[in-house]
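K.L.:
Let me give you the structure first, and then I'll get to my questions.
The values are calculated or read from the model by the stated rules, or taken from the named source; none is laboratory data. For clarity, every value in this text was computed on a predicted model and none was experimentally measured. Positions of Cβ are generated from backbone atoms using ideal geometry, with glycine treated the same way; all protein chains shown enter the neighbour counts. Note: areas computed on protein heavy atoms with side chains; ligands, DNA, RNA excluded. Shrake-Rupley method; radii C 1.70, N 1.55, O 1.52, S 1.80 Å.
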Amino acid sequence: MKLNIKKWALTPHAVERLEERKISLKELESILKNLDEIIPQGPKFILMKMFVHRDDNCLAVVVVEKEGRDLWLVITVLINFQKRK
């Protein structure tokens, strides 16, 4: 599975979590464009990526596509993400 995320926007919650979890916009963009794994969650997707320079791996971003707009909304960002077994 591959997502074509060209345009994206942040929710206010996502902005707060980026700052709180010290995730840069460069890292966020890397997750959106060069992710390691996608987990579908109904209309949402969890995008995961490992960064070797961070101690709090794995980083994850929850996104949803705004219907008919070719725009993805970043809902939140997570650190130390683990998939459910």
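K.L.:
If the requirement is being open to solvent by 80 Å² or more (accessible area, probe 1.4 Å) and either touching a Phe, Trp or Tyr at 6+ places or on another chain (Cβ under 9 Å) or in a strand (DSSP E or B) (or both), which of these qualifies: Glu65, Glu27?
P.N.:
Glu65
K.L.:
Enumerate the pairs (first residue in region 2-15 and within 18 Å of Leu59 (Cα to Cα); second residue anywhere and open to solvent by less than 60 Å² (accessible area, probe 1.4 Å) and among the aromatic types (Phe, Trp, Tyr)) with beta-carbon separation below 7 Å, excluding pairs fewer than 6 apart on the same chain, so at least 6 apart or on different chains.
P.N.:
Leu3/Phe45; Ile5/Trp72; Trp8/Trp72
K.L.:
Take region 4-24 and flag every residue that is open to solvent by 30 Å² or more (accessible area, probe 1.4 Å) and over 13 Å from Leu78 (Cα atoms).
P.N.:
Asn4, Lys6, Lys7, Trp8, Ala9, Leu10, Pro12
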